[in-house]
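Report on one structure; see the data block that follows.
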């Protein structure tokens, strides 16, 4: 089958700068492909080459088997509709008129619009949820509404291929999702869609495939989960990032960390977790360059899952089982090799007391996360309170904020503090 | 006022563009005829509206009239040619101005923005100062100068088959400035011919003949029809060139055509009437306010309104004891009115 879009060996230079360098990719009919990549990666340029708005230096673009370079604007505009990033609207045409301009490729210069044209315009406005704006001047509607008006115009154009350049950049959260769901419906109806999307989570959630574009080349292509990995995101965007599975949508979810999370951390950190309390810390420590270990946690605990995702050393116990001697020994072994220990705001129960006791005996500096109040998470009664007091006495206590915790870890590791109480950090005013 | 404007602009919801256009065009045509008839009555010899209509109909239908032969000569050979030529010039300038404002997406655009009027002025002043007098040399020189300047600006602004609108605008300003210097230099050297040259530069419709009107009509009417055919493309072009391309408009070709034809209309108008300011700037703004931005209706209504406006102002210009150049009247009437609209925020700056 002929691919809907076939880009072969495409190179584009703009203003003497190479923007696309031998890009080749193809998109099958009825697929929703997301273009992701950092600013200036060439996403918009690639879209402009596909719709024929610019002439490439080298290479060809075929849509439905036809070479775009050889087609006139009118023939191209019957194959490809484009929703640009922003649209100038200098004159106050009513919204309906702007949407009706989408019919231009189908109406002769002297011809009149038929009932079918009007129906297409009405349907496009209804689908893009701009029907109630029909008589408003396009200059008076908001940026997000205008973006939907232009989407409606592209729908009225009724083409097999639809190109979207940041279709959701100006939209509120409701219309972002509605717009992408509309696009997904269009794809189900057999249209082919290529969209440049900044929001990686949205791209992963709605697109069938992604193309990761940076430095003018396609560096990864395929299903979202295979394109978006810690390594590809770090390479493309130059930022430490962790890709996890979104708990609700199940699609890839990217969390990027700022410069403070650069890999300057060094050392083994043992994290006492459980019930998911350690998950954000594990990601953050991993991103900061530390080598975390976790335990002991239940084998099906969310913290255990996180540890597996980031490849951290893990001590598990069977679900609902107390920490036995073997597990305690395993934890003690991790503690003895650790450069620091972090105690998350875990539930203190008779079952996990052996782990906390082991922390008290450890020689490494300890950072205690002051999260949930003790009363809410202590099910070991007076013994639990005593244990917590002793733990706090020998530890650095910090607020429950991943960044604060990581900073504290970095400090105790670099100063080599060996368990000297340092309660003043608790009052650290930084957010 | 606001309510009336909204009603005029968007019309009755059920009324389609064609019907609205028809209604507006008919109304403005009636207004133009009325203005023309009244204008023909005014002058050193007062002639009643009735006999003007009688004389005009007789000439038109090859019938007979009771009107004195002297009146017939005044109406048919002096006043009507001037009125018809004025109408054609106003028609051409207003339609070219409408297209230029849309084309440049700029409220300051007027028919001579690409240097056409400056070129005409240069050609005309050169012809006036030329030692050899030749009856048709003046309009021909102005017309040729106008087209050369417009074409020169286009060539200077084009690169690699594309003509960016911004570059065109700046090249137009540069050429206008340069030609302005040339004209000033020639005026300094003018001597006895200075008065005639300045008079031409201010815009005038004196000594109009049917021949002139016929020649101008031969350029303006087909040119206008050409623009009208492209009215829908011009609408789409207002969305921006990139969008227009994706909607199937051959952008560069359409731009060339719009620019070329409206420059031709402007050149024809300026060649016979000199530089008449403000018609091409104010009339399209006013009509856009009344009928909205859709060029399918804006272009014909602007053109007719421009025609009526110029006939009216020319009547004022020649009504006094000493005739004024019509350019002075259009600017003197147009500018305050435009400022009024501007202050009331009824003219948008796109």
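The values are calculated or read from the model by the stated rules, or taken from the named source; none is laboratory data. Because the structure is a prediction, the values reported are computed rather than measured. When we count neighbours, we look across all protein chains shown, and the Cβ atoms used for this are built from the backbone with ideal geometry, even at glycine.
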Margin query: If I ask for residues that are within 7 Å of chain B (Cβ to nearest Cβ), assigned to a helix (DSSP H, G or I) and crowded, with 18+ Cβ neighbours inside 10 Å, which ones from segment A:53-75 would you list?
Written below: A:73
Next item on the list: Could you tell me which of the residues A:407, A:393, A:388 is surrounded by 16 or more Cβ atoms within 10 Å (Cβ to Cβ) and modelled with pLDDT of 85 or more?
Entry: A:388
Check: Do we have any residue at all in segment B:313-332 that's surrounded by fewer than 23 Cβ atoms within 10 Å (Cβ to Cβ), within 14 Å of chain A (Cβ to nearest Cβ), assigned to a helix (DSSP H, G or I) and modelled with pLDDT of 90 or more?
Finding: no
Notebook entry, point to check: Any residue at all in segment A:150-157 that is in contact (Cβ under 8 Å) with a residue 24 or more places away in the chain, surrounded by 18 or more Cβ atoms within 10 Å (Cβ to Cβ) and away from chain B (no Cβ under 14 Å)?
Noted result: no
Next item on the list: Please enumerate the residues belonging to segment A:153-181 that are under 21 Å from residue A:96 (Cα atoms), in a helix (DSSP H, G or I) and at pLDDT below 90.
Entry: A:175, A:178, A:179
Next item on the list: Give segment B:264-290 a look and list any residue that's surrounded by fewer than 24 Cβ atoms within 10 Å (Cβ to Cβ) and within 14 Å of chain A (Cβ to nearest Cβ), or say none.
Entry: B:285, B:289, B:290
Checklist line | Residues (within 14 Å of another protein chain (Cβ to nearest Cβ) and in contact with a helix residue (DSSP H, G or I) (Cβ under 7 Å, 6 or more places away or on another chain)) located in segment B:107-129 | finding: B:107, B:109
Notebook entry, point to check: Looking at this structure, is residue A:99 at the interface with chain B (Cβ under 9 Å from one of its Cβ atoms), crowded, with 17+ Cβ neighbours inside 10 Å and within 33 Å of the chain's Cα centre (by Cα)?
Noted result: no
Notebook entry, point to check: Do the conditions hold for residue A:319, that is, is it in a loop (DSSP other than H, G, I, E, B), without any contact (Cβ under 8 Å) to a residue 60 or more places away in the chain and within 28 Å of the chain's Cα centre (by Cα)?
Noted result: no
Check: Out of segment A:194-217, which residues are more than 13 Å from the chain's Cα centre (by Cα) and surrounded by fewer than 24 Cβ atoms within 10 Å (Cβ to Cβ)?
Finding: A:208, A:209, A:214, A:215, A:216, A:217
Checklist line | Conditions (1) surrounded by fewer than 20 Cβ atoms within 10 Å (Cβ to Cβ); (2) away from chain B (no Cβ under 14 Å); (3) not in a strand (DSSP E or B): number failed by residue A:86 | finding: (2)
Note to self: Looking at the structure I just gave you, is residue B:219 more than 14 Å from every other protein chain (Cβ to nearest Cβ) and within 30 Å of residue B:73 (Cβ to Cβ)?
What the structure shows: yes
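From the list B:116, B:84, B:89, exactly one residue is surrounded by fewer than 24 Cβ atoms within 10 Å (Cβ to Cβ) and either under 15 Å from the mean Cα position of the chain (by Cα) or closer than 16 Å to residue B:295 by Cβ (or both). Which is it?
None of the other options fit; the residue is B:84.
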Checklist line | Check on residue B:277, outside any helix (DSSP H, G or I) and modelled with pLDDT under 90 | finding: yes
Notebook entry, point to check: Within segment A:33-48, how many residues are assigned to a helix (DSSP H, G or I) and in contact with a helix residue (DSSP H, G or I) (Cβ under 8 Å, 6 or more places away or on another chain)?
Noted result: 1
Notebook entry, point to check: If you go through segment A:15-32 one residue at a time, do you hit one that is part of a helix (DSSP H, G or I) and in contact (Cβ under 8 Å) with a residue 12 or more places away in the chain?
Noted result: no
Check: For residue A:343, are the conditions met, namely being touching a helix residue (DSSP H, G or I) at 6+ places or on another chain (Cβ under 7 Å), surrounded by 18 or more Cβ atoms within 10 Å (Cβ to Cβ) and closer than 24 Å to residue A:285 by Cα?
Finding: yes
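Looking at segment B:236-250 only, could you name the residues that are within 7 Å of another protein chain (Cβ to nearest Cβ), under 26 Å from the mean Cα position of the chain (by Cα) and assigned to a helix (DSSP H, G or I)?
B:236
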Note to self: When the residues of segment B:223-232 are narrowed to those that are part of a helix (DSSP H, G or I) and more than 7 Å from chain A (Cβ to nearest Cβ), which ends up surrounded by the fewest Cβ atoms within 10 Å (Cβ to Cβ)?
What the structure shows: B:225
Item checked: Residue check for residue B:206: outside any helix (DSSP H, G or I) and either at pLDDT below 90 or crowded, with 19+ Cβ neighbours inside 10 Å (or both) -> yes
Notebook entry, point to check: residue A:12 versus (1) within 12 Å of chain B (Cβ to nearest Cβ); (2) surrounded by 19 or more Cβ atoms within 10 Å (Cβ to Cβ); (3) over 25 Å from residue A:189 (Cβ atoms): which is the lone unmet condition?
Noted result: (1)
Notebook entry, point to check: Which of the residues belonging to segment A:31-42 are at pLDDT below 90 and buried (at least 23 other Cβ atoms within 10 Å of the Cβ)?
Noted result: A:37, A:41, A:42
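Against the definition (out of contact with any strand residue (DSSP E or B) (no Cβ under 8 Å at 6 or more places or on another chain), more than 27 Å from residue B:157 (Cβ to Cβ) and at pLDDT 85 or above), how does residue B:88 come out, yes or no?
yes
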Checklist line | Pairs with Cβ under 8 Å, 6+ apart, first in segment B:196-213 and over 13 Å from residue B:326 (Cβ atoms), second part of a loop (DSSP other than H, G, I, E, B) | finding: B:197/B:190
